[in-house]
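K.L.:
The structure follows.
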Amino acid sequence: MYQLTNVTKKYDQGKRSVTALQDVTVSIPDGQMVAIQGPTGGGKSTLLQMLGALDRPSSGSVLLETEHLGSSNLSSLGDSQLGRIRATEIGFVFQGFNLIPTLTAQENVETALAPLGGTNAARRERSAAALEAVGLGDRLGHLPAELSGGQQQRVAIARALVKDPTVLLADEPTGNLDEETRDEIMDLLEGLWRAQGLTLIVVTHDSAVARRAQRRLHIKAGRLTELA
Amino acid sequence: MFYTYLRRELAGRRKQTAIVAIGMALAIALVIIVNSVSSGVQLAQASVLESVYGVGTDITVSQAPAAAATPGTGNGAPQRFDFGSADGAAADGTTTISRSRLTAERGTETFASTGLDSVRAVPNVSAAAATLLLSNSTFSGALPTRSQGATRPSTGQGAPSGQSAETPPTGGPDGAGGSSFSVDSFTVLGLNPADAAVGPLSAVTLTAGRSLASTDAGANVAVLDASYATTASLAVGGTVVIAGTDFSIVGLVSAATADSATAANVYIPLDVAQSLAALPGQVSNIYVQAASSTDINQVQADIRTALPAATVKTQADLASSVSGSLASASSLVSNLGLWLSLIVLAAAFLIAILFTISGVTRRTREFGTLKAIGWSNGRIVRQVGGESLVQGLIGGVVGIAVGLAGILVINIIAPTLTAGASTAVQAVGRGAGAAGGAGGAGGAGFGPGGGGFGAATQAATQSNIVLTAPVTVSVILIAVGLAVLGGLLAGVIGGWRASRLRPAEALRSIA
Ligand SMILES: Nc1ncnc2c1ncn2[C@@H]1O[C@H](COP(=O)(O)OP(=O)(O)OP(=O)(O)O)[C@@H](O)[C@H]1O
Ligand SMILES: [Mg+2]
């Protein structure tokens, strides 16, 4: 579970300082599906970076408590420890899919297992299973350019989930997809969330996506509010 | 994962891989070729020097001629041949005259042979030998014997019919009153047969007969340069005349490397040379071998102190005395070749670095994503470094192949370089044969027809050396080393850039 207390994030751009998050305090229990909404520039991605151990807040604390790591304060850990937590606990899905263009679908999924060690054979087996789970069992050897947008996002979801993370963070996962594909991807994410007991946090503009969540948060000008 | 990713990147970004590898390949091929040609040129220089100065000669000692040479000492003075009225043998209306002079070779100053003892007293001198380089010039010719009738003015005694005074001249080599002269010269090197371990004869190959032995001291025996013997039609068992003295030819020698001449035309015992040239106790060169190559500078300095008037040169100094197209090749290789390969190498490194940096910049989101999913900086640096290293190695392999092909082409073409060693030892070619004597119808009374002097051609020792470009393991290792260095340099810089990327870059909206 997450416990954020008075999280403030400021970006210094020369003389100007932008406050992307302002005194955000929120608690997210394990297994919850949360949607984060808000206007552009409101601070959604910044909040996701705090949750995903990609960056540290300027002030305040971000506690992440998981089964096998215990409690970690993401605001005070070093880069390599944050990297370690990302490798084991957190899965990411991005709006632009962010697949590596020269690697096949299966190899892209394997990149998530590389920091965890293990044999090549084990990695190959797990990545094939993950792709099977997102319905791409017959596309293991395809390059991203040979897949449709929806299929690429499925590969990205397989990459995020292949390591069995505690948390899955998605930033506009359907932002680049048409409505039909959006629903397919959301069905898939929701199904996996239910099946694996993940904490799923989705940043979205799309109220159709947000409506699926148990809980909806809103960020505007760095200030977080809970929507009923 | 490392190898899969590496392979996929190199194969998937062929253009970048090709450009970096080609740049590296060109540079490495150039380095290999320049390196190989330059060692070929060095070998050629060494072989030219060896044929002139002998193997194992580390230092030579000579004495520069005094600035204002006194006339008649033989140095720089015009050669004079004086003939008395009784000289020459007359027969058949033709007088033949011949005179030989044995003098110190032009440009050489002789000095007391006690210098050899001083040199031997210098620490770390393992061997030393003294030589006396001389030039034997023979002026020979034939002219018509002067007769009373021919010299008398035609108007002196009445010749009514006007026919007697117009009697055409006879005699002379052409039988028509003409004359013919030639100057023939060759170099003579006096050396102590007992000191043959170092010096000009240490590097030669005996092609006929025997070499000079210690027991030859004081004897009129000579060893000839084989190519000189051929030109002069001399052979072992024959006789060569030096300063009017007959020497029996006991052996022929040629330079160990084909096609180059030895230091002199004729080799005789030192004591004989000294007495014939009237230079008792004088020598012109001392050849010195140091105990080890690290002692050369110390030995040179000590000899300079012991013999302040002497010119003391090391092999390195002597290499600069090699002239001809070999010298041009040498300076071309060491100047242009070196700079060109350095510039191309720097350009190739720069290309590799710039392409790696631009590749990292282009892949910002890719590396950001990998960091976001937990890749450590080390893993990413390794990946970028590995890519650059392999690109460099591909360039290295291609470069070695291209370089070896270039060397092969050079060795097939086998360019011939000419080289002259033009310092103290300057062999004088045999004078060209007699010309002239064409003066057919002489003037009235004073009868000598036109006379011609054979021009004595003076040619410095000329060697033709075929340039071979050797391939050594060290050249290949240098090439591989450079490829690795270039790849690593680009990889380290690119990897450092990649490691500084923030993982949050992954979340940036698509550019
Ligand atoms: N690296 C950065 N440097 C400086 N300012 C930044 C940086 N990242 C974000 N910001 C600023 O912080 C604020 C919040 O940005 P953020 O990306 O979190 O917004 P967002 O809600 O995700 O917007 P969008 O819906 O457009 O993705 C913006 O004003 C943005 O300009
Ligand atoms: Mg955003």
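K.L.:
Roughly how much accessible area, to the nearest 100 Å², goes out of reach of solvent when A and B pair up, both sides summed, probe 1.4 Å?
P.N.:
Roughly 2200 Å².
K.L.:
Once R0 is set to 25 Å, what does the formula 1/(1 + (r/R0)^6) return for the Cβ-Cβ distance between B:SER126 and B:ALA213, expressed as a FRET efficiency to the nearest 0.05?
P.N.:
The calculated FRET efficiency here is 0.70.
K.L.:
Next question. What does the charge count around A:PRO29 come to, taking other residues whose C-beta lies under 13 Å from its C-beta (Lys +1, Arg +1, Asp -1, Glu -1)?
P.N.:
Spelling it out: positives minus negatives among the neighbours equals -1.
K.L.:
Which cross-chain or sequence-distant (5 or more) residues have an amide H under 5 Å from the amide H of B:GLN282, H modelled 1.01 Å from N in plane?
P.N.:
The list, which skips near neighbours in sequence, is B:SER113.
K.L.:
Let me ask another. About its Cα centre, how strong a charge dipole does chain A have in debye, to the nearest 20, once Lys and Arg get +1 and Asp and Glu get -1 at the Cβ?
P.N.:
Values: 23 positive and 26 negative charges, 159 e Å.
Once rounded to the nearest 20, the dipole reads 760 debye.
K.L.:
What is the local net charge at A:LEU189, summed over the other residues whose Cβ is closer than 12 Å to its Cβ (Lys, Arg +1; Asp, Glu -1)?
P.N.:
Details: positive: A:ARG154, A:ARG182, A:ARG194, A:ARG212; negative: A:ASP183, A:GLU184, A:ASP187, A:GLU190.
Value of the local net charge: 0.
K.L.:
Evaluate the distance, in nm, between pseudo-label points positioned 7 Å from the Cα of B:ALA301 and of B:LEU342 along their respective Cα→Cβ axes.
P.N.:
2.8 nm
K.L.:
Cα axis of helix A:79-89 to longest principal axis of chain A: angle in degrees, 0 to 90, nearest 10?
P.N.:
60 degrees
K.L.:
Taking the alpha-carbon centroid of each part, what is the distance from region B:1-50 to region A:34-112 in angstrom?
P.N.:
44 Å
K.L.:
Sticking with this structure for a sec: Which value, in Å², gives the accessible area per residue of region B:9-52 when a 1.4 Å probe is used on the protein heavy atoms?
P.N.:
36 Å²
K.L.:
In whole Hz, what ³J(HN,Hα) sequence does region B:215-224 give by Karplus (6.51, -1.76, 1.60; θ = phi - 60°), x for Gly and Pro?
P.N.:
In residue order, the calculated couplings are 6, 7, 3, x, 9, 8, 10, 9, 10, 10 Hz.
K.L.:
For chain A, set up a Gaussian network in which alpha carbons nearer than 10 Å are linked by springs, and say which option among A:GLY149, A:GLY118, A:GLY31 fluctuates the most.
P.N.:
Maximum among the listed residues: A:GLY118.
K.L.:
Could you work out what % of the accessible surface of region A:33-88 is carbon and sulfur, using a 1.4 angstrom probe and leaving DNA, RNA and ligands out of the count?
P.N.:
Within region A:33-88, the accessible surface is 46 percent carbon and sulfur.
K.L.:
Moving on to the next point. Determine, from the Cβ-Cβ distance of B:VAL241 and B:THR416 and an R0 of 35 Å, the FRET efficiency 1/(1 + (r/R0)^6), rounded to the nearest 0.05.
P.N.:
Using R0 = 35 Å, I get an efficiency of 0.50.
K.L.:
Sequence-distant or interchain residues sharing an amide H contact under 5 Å with A:ILE36, placed H: which?
P.N.:
Residues meeting the amide H criterion: A:VAL202, A:VAL203, A:THR204, A:LEU217.
K.L.:
Determine the relative contact order of region A:103-218: mean sequence separation of Cα pairs under 8 Å and six or more apart, normalised by residue count, in whole percent.
P.N.:
Answer for region A:103-218 is 25 percent.
K.L.:
Can you pick out the pairs among A:LYS15/A:LYS44; A:LYS10/B:LYS371; A:LYS15/A:LYS220; A:LYS44/B:LYS15 whose Cα atoms lie more than 28 Å from each other?
P.N.:
A:LYS44/B:LYS15
K.L.:
Ok, one more. Go through region B:476-511 and flag every residue whose accessible area shrinks by 20 Å² or more with all protein chains in place compared to the isolated chain (probe 1.4 Å).
P.N.:
For region B:476-511, once contacts with the other chains are taken into account, B:ARG502, B:PRO503, B:ALA504, B:ALA506, B:LEU507, B:ILE510 lose 20 Å² or more.
K.L.:
Pop out a list of residues from region B:1-38 that are at least 50 Å² less accessible with all the protein chains around than in their chain alone; 1.4 Å probe, no ligands or nucleic acids counted.
P.N.:
B:MET1, B:ARG8
K.L.:
Between B:VAL466 and residues 5 or more places away or on another chain, which pairs have amide H atoms under 5 Å apart, with H built 1.01 Å from N, and which residues are they?
P.N.:
The list, which skips near neighbours in sequence, is B:LEU417.
K.L.:
Follow-up. Could you give the size of the charge dipole of region A:102-168 about its Cα centre, using +1 on the Cβ of each K and R and -1 on the Cβ of each D and E, expressed in debye and rounded to the nearest 20? Before the final figure, lay out each step's value.
P.N.:
Details: 7 positive and 7 negative charges, 25 e Å.
My answer is approximately 120 debye.
K.L.:
Report the charge-dipole magnitude of region A:1-112 in Debye, nearest 20, computed about the Cα centre from +1 at each Lys and Arg Cβ and -1 at each Asp and Glu Cβ.
P.N.:
Dipole magnitude for region A:1-112 comes out near 560 debye.
K.L.:
Same structure, new question: Considering Cα pairs under 8 angstrom that are at least six residues apart, work out the relative contact order of chain A and quote it in whole percent.
P.N.:
Value for chain A: 29 percent.
K.L.:
What is the helix-to-structure angle for A:179-196, meaning the angle in degrees between its Cα long axis and the longest Cα principal axis of chain A, kept from 0 to 90 and rounded to the nearest 10?
P.N.:
Tilt relative to chain A: about 90 degrees.
The values are calculated or read from the model by the stated rules, or taken from the named source; none is laboratory data. A quick note: this is a predicted structure, and the numbers were derived from the prediction, not measured. Counting neighbours? That spans all protein chains shown, and the Cβs are built from the backbone with ideal geometry, glycine included. Surface accessibility is based on the protein's heavy atoms, side chains included, excluding ligands, DNA and RNA. Shrake-Rupley method; radii C 1.70, N 1.55, O 1.52, S 1.80 Å.
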